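Read-outs: derived from the displayed coordinates by stated rules, not from any lab. Worth saying up front: this structure is predicted, and the values here are computed from it rather than measured. Cβ coordinates were reconstructed from backbone atoms using ideal geometry, including for glycine residues, and neighbour counts include every protein chain displayed.
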Amino acid sequence: MKTISRHFYGDSEKTAFSISIVENMKEDYGLFVWPCSIVLAEYVWQHKLRFSGNNVVELGAGTCLPGLVAAKVGSNVTLTDDANRLEVLENMRGVCELNNLKCEVLGLTWGVWDASIFSLHPKIILGADVLYDARGLKLLYDILVPLIYAETKR
């Protein structure tokens, strides 16, 4: 079952913008806005000056709410999720289009070498609810190291 959720950002007197997210309750994990994603997106909004103009990568983006908020406040955003989850990647592209945002969407499978990560040069790396199994910690570490290394060698 597909639904669209709307998330509003601004202050108590005026909404600055909203983000629409297509969710699919049938899909395993990746197409549902988890609570931590909402909290991280609010953090991005509250710290928008820190994000504006910077390269941002969202790992395990799923519905990509934090990354979309980062794009809305002026970040250059690359949204990533498992390269084998084509439905999730396609949904990410569709949600960017739905919200009139230009973000790069990249299939990135943790634990599988992909030289494209060296071209990303993120100043900020986002990830919300990306670990639901402790076995993923090493894979997360293995993807973070080259992302951080690529930026520090610039």
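Here each label is just a point 7 Å from Cα along the line to Cβ, and for Leu49 and Met1 those points are 4.4 nm apart. When both bridge partners sit in the chain, DSSP labels roughly 45% of those beta bridges antiparallel.
If the chain linking Val39 and Asn24 were pulled fully straight, counting 0.36 nm for each residue of separation and taking away their Cα-Cα distance, it would gain 3.4 nm.
Compute the Cα gyration tensor for the chain, then decide on rounded, prolate or oblate, letting a ≥ b ≥ c be the square roots of its eigenvalues: rounded whenever a/c is under 1.5, prolate when a/b is larger than b/c in the other cases, and oblate in all that remain. It comes out oblate by the Cα gyration axes.
In units of the rule-of-thumb radius 2.2 N^0.38 Å, region 91-139 shows an alpha carbon radius of gyration of 1.38. Sorting 43-49, 4-10, 124-130 by average packing, meaning the other beta carbons within 10 Å per residue, from highest down gives 124-130, 43-49, 4-10. For the chain, the mean residue ellipticity at 222 nm estimated from helices alone is -10500 deg cm²/dmol, where every DSSP H run of n ≥ 4 contributes -39500 (n - 2.57) and the total is divided by all residues, rounded to the nearest 500. Its Cα gyration tensor gives region 19-108 an equivalent ellipsoid, and the semi-axes of that ellipsoid, as √(5λ) in whole Å with the largest first, are 20, 14, 11. Neighbours of Val105 by Cβ distance under 13 Å: Lys/Arg scored +1, Asp/Glu scored -1, total -4. One decimal place: the segment Trp113-Tyr149 gains 11.5 nm when fully extended, by the rule 0.36 nm per residue minus the C-alpha distance.
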